[in-house]
Amino acid sequence: MVLIKSTGKSWFRYFQYDEDRDSPGDVRNLLLVIATLIAAVTFQAGVNPPGGVWQDTNGTHVAGRAIYASEPGAFYVFLISNTMALSASVLVIISLTYGFPFHLEIVVATVSMIVTYGSAIFAVTPSEFVRFRYVTAAAAVPFVVRCLIHIFNKLRERYSVSPPVDTQEIPLRALSTQSHKETWVASS
């Protein structure tokens with residue numbers, strides 16, 4: 001008799017992170033590979049946008065400009081989403097390599113890659129089309145969100161009510177016979 005496992009959500013649990021099975025080093029390496037692949041794909045998509053670039057200049061377009069930019073709404077969605085994906089992957093790479101040897105060199109290389117990406121975006125996008133603030137905001141979103149999460153966690157940690165250190169219970173009878181000062185001294 002052949003038993004067939006359910007194709008429901010149970011198969012998915014095997015692929016989820018498990019502290020007992022997965023080592024933090026392996027998880028970090030996997031995340032670095034994924035982030036690097038995302039950075040490579042998004043960089044390439046920005047440098048060579050979907051549809052390519054115009055090869056000639058005429059009254060409606062200029063050689064070297066993105067063909068996809070002829071659809072402004074769709075091109076903005078592409079440009080902003082692609083920039084956010086690149087920025088988020090760079091954030092993951094920088095975060096996961098923090099404290100490692102050559103971290104400064106990794107930061108310099110990734111910042112240089114982002115500058116190159118921005119330069120390529122402006123080179124292939126028609127000048128009347130690019131809104132610098134939108135692209136900059138899209139690049140900043142992952143960093144700002146991560147900073148806000150960090151600030152929120154620090155504030156929550158700082159202002160959270162923690163249980164008292166000494167949880168010794170004092171009988172009600174002892175409270176009624178002693179003054180508040182004696183109770184405080186006895187419980188501390």
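Observations on the structure shown:
- Residue order, fewest to most beta carbons within 10 Å, for Arg156, Arg146: Arg156, Arg146
- For segment 39-117, the fraction of alpha-carbon pairs in successive 5 Å shells from zero, as %: 3, 15, 20, 18, 15, 10, 8, 6, 3, 1, 0
- Relative contact order computed over segment 23-155 (Cα-Cα under 8 Å; 6+ residues apart), in percent: 30 percent
Here, each number is a calculation from the coordinates, and none is a lab measurement. None of these values were measured; they are calculated from a predicted model. Positions of Cβ are backbone-derived with ideal geometry, glycine not excepted, and every protein chain shown enters the neighbour counts.
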